[in-house]
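Here is the structure we will look at, set down as structure tokens.
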Amino acid sequence: MRRIFAGLSACALLAVTAAAPAEAYLFWAQPALKGQPVNGDEPGLTAPLAGANPKEIKANLLWAMRAGLNVAALQCQFAPGLRVVENYNAILRQHSAELQVAYATLSAYFKRTGGKTWQTKLDQYTTRTYNGFSTLNAQLTFCETAATIGRDAQDTPAGKLTTLATVRMREFRNSLIPINDAGLITGSSGLPNLGLPALDCIDRKGRDCKS
């Protein structure tokens, strides 16, 4: 009886393992989060900048992605395999020039539009941008997505990080929406339904313990 149960358990493990894609770390199957490339001024994508010009819109988009990756570096350390801290630090080194230009562009925007309180308004903008990536119920999708963006950023040539932001930012935002693991089909127990046959219940004297 024990040998039968052990054999079935091994088969179940193999079946579930085979269904797990190599690129997923926190999921059996990565949820579908991808979206269309963005311009940067779409509603709900970044902290809005009234009257911003195209250069400032792109700077806002890049700075928002950097902020999201920074939040992930702080919130996702429960999963060391994602390497979110290492990814973020590598991005800061590799893309420092482009990030500095983005910050200078945003500072110029607030100097232009904020008057004497521009520094306060810049600080408030920064706080809103960080808070926009705070999540609890969608932490797994957020952390997994941040990790893949971090890896892609390291494969992106210097000076092209904004281009990556236009491609991945919609997905990054989608990752903040709670969603179930696409690889788990749950029943009333909340566990995966592996389609295994029911085991007979026999007591120590060989009698059916269900009777």
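The values are calculated or read from the model by the stated rules, or taken from the named source; none is laboratory data. This is a predicted model, so every value here is computed, not measured. Glycine also receives a Cβ, built like all others from the backbone with ideal geometry; neighbour counts cover every protein chain displayed. Please note that ligands, DNA and RNA were not included when accessible areas were found on the heavy atoms of the full protein model with its side chains. Shrake-Rupley method; radii C 1.70, N 1.55, O 1.52, S 1.80 Å.
List of remarks:
- Restricting attention to the range 108-128, the residues being surrounded by 15 or more Cβ atoms within 10 Å (Cβ to Cβ) and small (Gly, Ala, Ser) number 1.
- Residues that are under 18 Å from the mean Cα position of the chain (by Cα) and among the hydroxyl-bearing types (Ser, Thr, Tyr) were ranked within the range 113-158; the one that is nearest to residue 61 (Cα to Cα) is 129.
- Test for residue 163: is it among the hydroxyl-bearing types (Ser, Thr, Tyr), crowded, with 22+ Cβ neighbours inside 10 Å and either assigned to a loop (DSSP other than H, G, I, E, B) or out of contact with any Lys or Arg (no Cβ under 8 Å at 6 or more places or on another chain) (or both): no
- Qualifying residue in the range 32-54 (condition: touching a Ser or Thr at 6+ places or on another chain (Cβ under 8 Å), not acidic (Asp, Glu) and not in a loop (DSSP other than H, G, I, E, B)): no
- Contact map, the range 89-102: residues that are under 20 Å from residue 56 (Cβ atoms) and modelled with pLDDT of 95 or more paired with residues that are among the aromatic types (Phe, Trp, Tyr) and open to solvent by 10 Å² or more (accessible area, probe 1.4 Å), Cβ distance under 7 Å, separation 6+ or inter-chain. Pairs shown: 102/63.
- The set of residues in the range 55-109 that are touching an Asp or Glu at 6+ places or on another chain (Cβ under 9 Å) and outside any helix (DSSP H, G or I) comprises 76, 79.
- The residues of the range 114-159 that are of a type in the set (Phe, Trp, Tyr), modelled with pLDDT of 95 or more and out of contact with any helix residue (DSSP H, G or I) (no Cβ under 6 Å at 6 or more places or on another chain) amount to a single one, 125.
- The residues of the range 129-147 that are of a type outside the set (Phe, Trp, Tyr) and surrounded by fewer than 20 Cβ atoms within 10 Å (Cβ to Cβ), listed by number, are 131, 132, 134, 135, 136, 137, 138, 139.
- Of all residues in the range 74-98, those satisfying the criterion of being under 14 Å from residue 154 (Cβ atoms) and either of a type in the set (Asp, Glu) or open to solvent by less than 30 Å² (accessible area, probe 1.4 Å) (or both) are 82, 84, 86, 87, 88, 90, 91, 95, 98.
- Scan of the range 18-73 for residues that are crowded, with 17+ Cβ neighbours inside 10 Å, at pLDDT below 90 and in contact with a Lys or Arg (Cβ under 7 Å, 6 or more places away or on another chain), ordered by number: none
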